[in-house]
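The values are calculated or read from the model by the stated rules, or taken from the named source; none is laboratory data. Values in this document were obtained by computation on a predicted structure and should not be read as measured data. Note that we place each Cβ from the backbone using ideal geometry, even for glycine, and neighbour counts take in every protein chain shown.
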């Protein structure tokens, strides 16, 4: 069983989903308000698309568990079943905003929906050109999730950040997706 290390205490995903609620709020920025995700303590960015809302409504326990992994102050901005309706994994992206406005942090978690250990890699990177690009990566054989991966910086650096999610089965990529982890308009 994959566990998260939070303050040097092991907490299973089941315990996270079972009620350890993170204070997840959106204070300002590209999405100017947040609304509760039905059935969970996490908040969702107002601008979250229909697919993200549908995933949150269908699996509020996963949304809450992933939000708890990211920590306080993050709101769900994006969720997608990967690679398609078969849903081998679900990519969750959460954003944190400064009280004065703009992004201050990005967190992503890649949920393994297959129930068996798979090689998974999750990377989130800001939009800054190399060699100053900031990325965080978690890779290995996981039965529950890869991540959380987090980056912080100025709004300008974080706007249009990307998350890369890879899952392999028998050495073959069954998911290879690059998605936006923040608003980019």
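Please work out which residue is nearest to the chain's Cα centre (by Cα), limiting yourself to the stretch 129-147 and to residues that are surrounded by fewer than 16 Cβ atoms within 10 Å (Cβ to Cβ) and in a strand (DSSP E or B). My answer is 137.
For the stretch 38-56, filtered to residues that are within 17 Å of residue 181 (Cβ to Cβ) and in a loop (DSSP other than H, G, I, E, B), the residue that is modelled with the highest pLDDT is 49. For the stretch 97-128, a residue qualifies if it is modelled with pLDDT under 95 and surrounded by 24 or more Cβ atoms within 10 Å (Cβ to Cβ), and the qualifying residues are 97, 103. Checking each residue of the stretch 114-127 against the condition of being under 14 Å from residue 161 (Cα atoms) and in contact (Cβ under 8 Å) with a residue 60 or more places away in the chain gives no match. Of all residues in the stretch 57-83, those being assigned to a loop (DSSP other than H, G, I, E, B) and modelled with pLDDT under 95 number 4. Among the residues of the stretch 84-125, how many are within 19 Å of residue 73 (Cα to Cα), in a loop (DSSP other than H, G, I, E, B) and touching a strand residue (DSSP E or B) at 6+ places or on another chain (Cβ under 6 Å)? The qualifying residues number 1.
In this structure, residue 74 qualifies as surrounded by 21 or more Cβ atoms within 10 Å (Cβ to Cβ), touching a helix residue (DSSP H, G or I) at 6+ places or on another chain (Cβ under 7 Å) and more than 19 Å from residue 177 (Cα to Cα).
The number of residues in the stretch 148-170 that are crowded, with 21+ Cβ neighbours inside 10 Å and part of a helix (DSSP H, G or I) comes to 1.
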